[in-house]
Amino acid sequence: MINKITIIGVGLIGGSLAKAIKENNLAKVVFGYGRDLNRLEKAKKANVIDQFSTNLKDAINDSDIVIIATPVGSFKEILIEIKPFLTSKIVISDVGSTKTNIALIVSQTLGDYSNYFIPAHPIAGKEKSGFEASESNLFNNRKVIITPLETSSPDSINLIQKMWEGTGADVDFMSPESHDELLGMTSHLPHMLAFSLVNYLISKNPSASIYAAGGFKDFSRIASGDAVMWRDICIQNKDQIIDHIRGYQKTLNSLVDAIENENSDELDLLFTSAKKTRDSWVG
């Protein structure tokens, strides 16, 4: 059993990972670090973490694994802060939704310790934030993508893989570039659409939401996601996100043309194809 796992950022994902580690007896101590003492005290009282500190040295000391579970825009500052306390016995990982830029930041800041940084991303979450929304089963049968760096230690990769598998997750491996391309389509683009749709609705008619049915609520649900997290994702994966938004704009233009020209065959094909694809995913 792992002796100590430190989680930097005990929010939804960090809190859920902490609960999963505790429930599955993957570590003797789950240690939480953050800057808000009151929040950490509440997380311990809720049995999300075992111990906590606002002192980074205390949090890192004697840890086997350190997980960074904060918005990706904070990574560089955190890596600079933790570097003085690192040793070759500590494996570092993250849960960030972008990977190419993270790999670059790690190589620039950690030096030789970058060998022990194993980037990872659990494909799981909710529109709510904070450890209050965390769930120990959040990762059950969900994908976790690990994107090792060229210099990554095989033992470190294995340790992070086993930790995630211990939470019930299904681990896949890919390059940071492939990860960002894939998530740009399946996660980042849908969130951009949801944010834009809600803002468009309010700009056209602030009271329109009163009459919105289940379809709008289902589609716009993810617009309740953490604003800081999504701001950072946009900046870190901007090329992929912009590319996919522009690609989606072309499909909207085709839809506009079909509606404008009353092309019933084209509309029927578009809707039927989308329905079959969606039904096959769900089914």
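Residues that are within 18 Å of residue 178 (Cβ to Cβ) and modelled with pLDDT under 95 within region 142-156 comprise 149, 150, listed in sequence order. Taking the listed residues 189, 159, the one that is at pLDDT 95 or above, open to solvent by 40 Å² or more (accessible area, probe 1.4 Å) and within 21 Å of the chain's Cα centre (by Cα) is 159, with no other qualifying. Beta carbons closer than 8 Å, at least 6 apart along the sequence or on distinct chains, pair a first residue in region 166-180 that is among the aromatic types (Phe, Trp, Tyr) with a second that is outside any strand (DSSP E or B) for 173/147; 173/148. Counting only residues that are polar (S, T, N, Q) and touching a Phe, Trp or Tyr at 6+ places or on another chain (Cβ under 8 Å), region 83-106 holds 2 of them. In region 75-91, what residues are outside any loop (DSSP other than H, G, I, E, B) and among the β-branched types (Val, Ile, Thr)? Those that are outside any loop (DSSP other than H, G, I, E, B) and among the β-branched types (Val, Ile, Thr): 78, 80, 82, 91.
Can you pull out every residue in region 239-254 that is surrounded by 14 or more Cβ atoms within 10 Å (Cβ to Cβ) and farther than 16 Å from residue 196 by Cβ? Walk me through how you get there before you give the answer.
Keep residues of region 239-254 that are surrounded by 14 or more Cβ atoms within 10 Å (Cβ to Cβ), which gives 240-241, 243-245, 248.
Passing the criteria: 240, 243.
Pairs are defined by a Cβ separation below 8 Å, a sequence spacing of at least 6 or placement on different chains, a first member in region 137-151 that is of a type in the set (Phe, Trp, Tyr), and a second member that is modelled with pLDDT under 95 and open to solvent by less than 80 Å² (accessible area, probe 1.4 Å); the pairs so defined are 139/124. Evaluated against (1) surrounded by 17 or more Cβ atoms within 10 Å (Cβ to Cβ); (2) over 14 Å from the mean Cα position of the chain (by Cα); (3) not in a helix (DSSP H, G or I), residue 151 falls short on exactly one condition, (1). For region 210-225, a residue qualifies if it is open to solvent by 60 Å² or more (accessible area, probe 1.4 Å) and not aliphatic (A, V, I, L, M), and the qualifying residues are 211, 217, 218, 219, 221, 224.
If you go through region 92-113 and pick out every residue that is open to solvent by 10 Å² or more (accessible area, probe 1.4 Å) and not in a loop (DSSP other than H, G, I, E, B), you end up with 11. Of the residues making up region 165-172, one or more are assigned to a helix (DSSP H, G or I) and under 29 Å from residue 112 (Cβ atoms).
The residues in region 115-141 that are outside any loop (DSSP other than H, G, I, E, B), crowded, with 17+ Cβ neighbours inside 10 Å and at pLDDT below 95 can be counted, and the count is 1.
Within region 58-74, if we keep just the residues that are assigned to a loop (DSSP other than H, G, I, E, B) and small (Gly, Ala, Ser), the residue that is surrounded by the most Cβ atoms within 10 Å (Cβ to Cβ) turns out to be 63. Counting just the residues of region 197-243 that are of a type in the set (S, T, N, Q) and over 24 Å from residue 97 (Cβ atoms), which one comes out modelled with the lowest pLDDT? Selected residue: 209.
The values are calculated or read from the model by the stated rules, or taken from the named source; none is laboratory data. Quantities reported herein were computed from a predicted structural model and do not represent experimental measurements. In this analysis, Cβ positions are derived from the backbone assuming ideal geometry, glycine residues included, and neighbour counts consider all displayed protein chains. Protein only, heavy atoms only, side chains kept; ligands, DNA and RNA dropped before computing areas. Shrake-Rupley method; radii C 1.70, N 1.55, O 1.52, S 1.80 Å.
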